[in-house]
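The values are calculated or read from the model by the stated rules, or taken from the named source; none is laboratory data. Small disclaimer: the values here were computed from a predicted structure and weren't measured. Neighbour counts run over all protein chains shown; Cβ positions are idealised from the backbone, glycine included.
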Amino acid sequence: MRNDNIYKPCLMRIEKVTDEAPDVKTFRLKFIDDVQARNFDFKAGQFGEYSVMGEGESTFCIASPPTRKGYIECTFRKTGRVTSALANKEEGEIIGFRGPYGNRFPIEEWKGKNLLFVAGGIALPPMRCVIWNCLDLREDYKDITIVYGAKTVDDLIYKNELEEWNERPDVTLVTTVDPGGETPAWKGQIGFVPTILEKMELKAENTIAVVCGPPIMIKFTFPVLVKAEFKEADIFTTLENRMKCGFGKCGRCNVGSVYVCKDGPVFTYAHLKKLPAEY
């Protein structure tokens with residue numbers, strides 16, 4: 001879906017607002033224009049530019065899967081001017097959207113494989129998209145394991161969906177919070193995600209690993225997976241370096257010769273190792 005003016009956003013109505021965690025919201029959005037709605041298509045891993053008129057744009061992944069038609073969802077944390085303006089919006093109000101942009105997770109190449117999803121904090125939204133995409137096509141994949149951690153119990157997002165995944169017999173879910181972030185009622189793990197992952201019996205054979213989280217979490221998770229004999233080409237992650245325009249023109253997101261908004265945001269660990277350390 002594209003406009004003649006590449007910078008002109010489509011108008012979207014906020015159909016539903018969900019408070020996920022402190023200062024974290026999920027919007028369910030629907031196109032106002034029926035033609036734009038019918039023509040819109042995207043793949044798991046792609047992102048968009050979400051805008052409030054007079055305030056600017058912010059970049060978020062599309063957090064809902066392409067298998068769920070008729071709407072898209074985005075999840076964001078209130079951190080600055082634009083995200084604060086978005087957070088003040090209510091159901092029924094209008095915001096702007098440009099997209100989809102970027103590459104995607106090659107899930108069709110993962111058919112017949114085990115899937116290991118490792119996420120931390122507010123980085124679960126891009127993974128949520130691909131998790132539901134694969135669960136909606138469950139017969140195409142073997143074992144699905146989800147490891148998700150946050151600083152505290154309150155910081156865990158998609159709590160209802162975590163419960164749903166935990167109850168599914170065809171999903172293994174491991175949740176954890178940082179030491180000190182637990183509550184008396186907490187029944188999950190306590191520890192940092194890489195530490196919890198290291199204690200698990202990981203099986204690298206015929207398995208794809210997807211890692212999304214804070215840079216420090218990703219930094220310490222990659223060695224755990226490599227030690228477990230995962231191939232670097234079978235480890236996927238996403239980068240969101242200062243993306244702005246969405247199509248490689250403004251130059252804000254370049255890392256070496258790569259534009260994250262155009263060549264990414266999905267990369268394998270093997271590809272990342274070829275980039276300058278600034279990523």
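Here are some notes:
- Within segment 175-190, the residues that satisfy the criterion of being part of a loop (DSSP other than H, G, I, E, B) and surrounded by fewer than 16 Cβ atoms within 10 Å (Cβ to Cβ) are Pro179, Gly180, Thr183, Pro184, Ala185, Trp186, Lys187.
- The residues in segment 32-64 that are touching a residue at least 40 places away in the same chain (Cβ under 8 Å) and either touching a His at 6+ places or on another chain (Cβ under 8 Å) or within 27 Å of Lys159 (Cα to Cα) (or both) can be counted, and the count is 16.
- Taken across segment 208-221, residues that are of a type in the set (S, T, N, Q) and surrounded by fewer than 17 Cβ atoms within 10 Å (Cβ to Cβ) do not occur at all.
- Restricting attention to segment 17-47, the residues that are surrounded by 13 or more Cβ atoms within 10 Å (Cβ to Cβ) and not in a loop (DSSP other than H, G, I, E, B) add up to 15.
- Checking Ala85, Ala119 one by one, the residue that is of a type in the set (A, V, I, L, M, F, W, C), modelled with pLDDT of 95 or more and not assigned by TED's automatic domain parsing to the domain that holds Asp178 is Ala85 and no other.
- Within segment 243-258, the set of residues being in contact (Cβ under 8 Å) with a residue 12 or more places away in the chain and assigned to a loop (DSSP other than H, G, I, E, B) comprises Met243, Lys244, Cys245, Gly246, Phe247, Gly248, Cys253, Gly256.
- Residue match in segment 259-270 (condition: among the hydrophobic types (A, V, I, L, M, F, W, C), in contact with a Cys (Cβ under 8 Å, 6 or more places away or on another chain) and either surrounded by fewer than 14 Cβ atoms within 10 Å (Cβ to Cβ) or assigned to a helix (DSSP H, G or I) (or both)): yes
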